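Okay, structure first, notes after.
The values are calculated or read from the model by the stated rules, or taken from the named source; none is laboratory data. Please read these numbers as outputs of a predicted model, since none were measured by experiment. As a convention, Cβ positions derive from the backbone with ideal geometry for all residues, glycine included, and neighbour counts pool all protein chains shown.
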Amino acid sequence: MLSETTAGFIFDVDGTLVQSNEAHADAWSHAFLENGFHDVTAPRIRPFIGLAGADLVRSIKPKLDESTRCAIIAAQRRIFTADYLPHMRTSTGAHELIEQLRAHGKRVAAVTSGSANEIKPLLEVVGLSGAFEICITSEETARPKPWPDPIRAALHRFGIRPQAALAVGDSPYDIAAGHAADVPVVALLCGGWSAEQLASADGVFEDPRDLCGALFERVSR
């Protein structure tokens, strides 16, 4: 799993490298409220954070018409950008981990269920703009995580086999996507899921700093 032969690292962003999951859940709750849904609280939304916006809304309100669903998604993006984005911070050790990977000649990709218009300002705010060789967004694949398409897109762009990559995420959706693409997956607890919920991962670590220590301890042996 953590090996010198691992050439490419494929990172989820929200919850993994950036502490944004709770903010997204709050923004979704406000977006539902704006559209007349008083019963959709942040705790109800929280288990679905990590899905693409349309899939999240369908999971919570499966019978909505398309126009209402689009209105909720647009409201969430506006609320998150205005009220939460300026306050975003990286997970502990995120900069250190990526810097160490690049210093050791590893290739680094970001894979997100968000759009390019969402991920670019987020990476800029937390100081990770330009940190990734590749950034796979929702516009680049037909199916988002937990489907394997985004992971496979990163592999294709890297030009490497699944066994030469490692996916890093924080949710069951990240684990499902990586494993469906035949890529080993490590999960980080800093996104808010429990170790039990992430037990199907090939390894579980506290945060990027914890993973960095484990990775480079193994590589240096």
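Determine whether Val57 is in contact (Cβ under 8 Å) with a residue 60 or more places away in the chain and in contact with a helix residue (DSSP H, G or I) (Cβ under 9 Å, 6 or more places away or on another chain). Here the answer is no, as Val57 does not meet what is asked. Out of curiosity, is Asp26 in contact with a helix residue (DSSP H, G or I) (Cβ under 8 Å, 6 or more places away or on another chain) and in the same structural domain as Ala131 (by TED's automatic domain parsing)? No. Scanning region 150-172 turns up one or more residues that are of a type in the set (Phe, Trp, Tyr) and over 11 Å from the mean Cα position of the chain (by Cα). Considering (1) over 20 Å from Leu166 (Cβ atoms); (2) not in a loop (DSSP other than H, G, I, E, B), the lone condition that His95 does not fulfil carries the number (1).
Among the residues of region 196-207, is there at least one that is under 17 Å from Ala94 (Cα atoms), assigned to a helix (DSSP H, G or I), among the charged types (D, E, K, R) and over 15 Å from the mean Cα position of the chain (by Cα)? No, region 196-207 contains no residue that is under 17 Å from Ala94 (Cα atoms), assigned to a helix (DSSP H, G or I), among the charged types (D, E, K, R) and over 15 Å from the mean Cα position of the chain (by Cα). Taking residues in region 145-159 that are more than 17 Å from Asp14 (Cα to Cα), and partners anywhere that are surrounded by fewer than 23 Cβ atoms within 10 Å (Cβ to Cβ) and not hydrophobic (A, V, I, L, M, F, W, C), the pairs with Cβ atoms closer than 7 Å and at least 6 places apart or on different chains are Asp149/Thr141; Asp149/Arg143; Ala153/Glu140; Ala153/Thr141; Leu155/Pro162; Phe158/Arg107.
Cβ-Cβ distances below 7 Å connect the following pairs, each with a first residue in region 62-83 that is at negative phi, a second residue that is surrounded by fewer than 16 Cβ atoms within 10 Å (Cβ to Cβ) and part of a helix (DSSP H, G or I), and a separation of six or more residues or different chains: Ala75/Glu34. Considering every residue within region 167-175, establish whether at least one is crowded, with 24+ Cβ neighbours inside 10 Å, in contact with a helix residue (DSSP H, G or I) (Cβ under 7 Å, 6 or more places away or on another chain), without any contact (Cβ under 8 Å) to a residue 40 or more places away in the chain and in a strand (DSSP E or B). So far as region 167-175 goes, no, none of its residues is crowded, with 24+ Cβ neighbours inside 10 Å, in contact with a helix residue (DSSP H, G or I) (Cβ under 7 Å, 6 or more places away or on another chain), without any contact (Cβ under 8 Å) to a residue 40 or more places away in the chain and in a strand (DSSP E or B). Just to be sure, is Glu206 closer than 21 Å to Ser20 by Cα, of a type in the set (Asp, Glu) and surrounded by fewer than 18 Cβ atoms within 10 Å (Cβ to Cβ)? Judged against the criteria, Glu206 is a match. If only residues of region 13-41 that are more than 20 Å from the chain's Cα centre (by Cα) and either within 30 Å of Pro162 (Cα to Cα) or of a type in the set (Val, Ile, Thr) (or both) are counted, the one that is surrounded by the fewest Cβ atoms within 10 Å (Cβ to Cβ) is Thr41. Here Thr141 meets the list (1) buried (at least 19 other Cβ atoms within 10 Å of the Cβ); (2) among the β-branched types (Val, Ile, Thr); (3) under 19 Å from Val18 (Cα atoms) almost entirely, failing just condition (3). Exactly one residue out of Ile45, Ile10, Ile119 is in contact (Cβ under 8 Å) with a residue 60 or more places away in the chain, crowded, with 22+ Cβ neighbours inside 10 Å and assigned to a helix (DSSP H, G or I), and it is Ile119.
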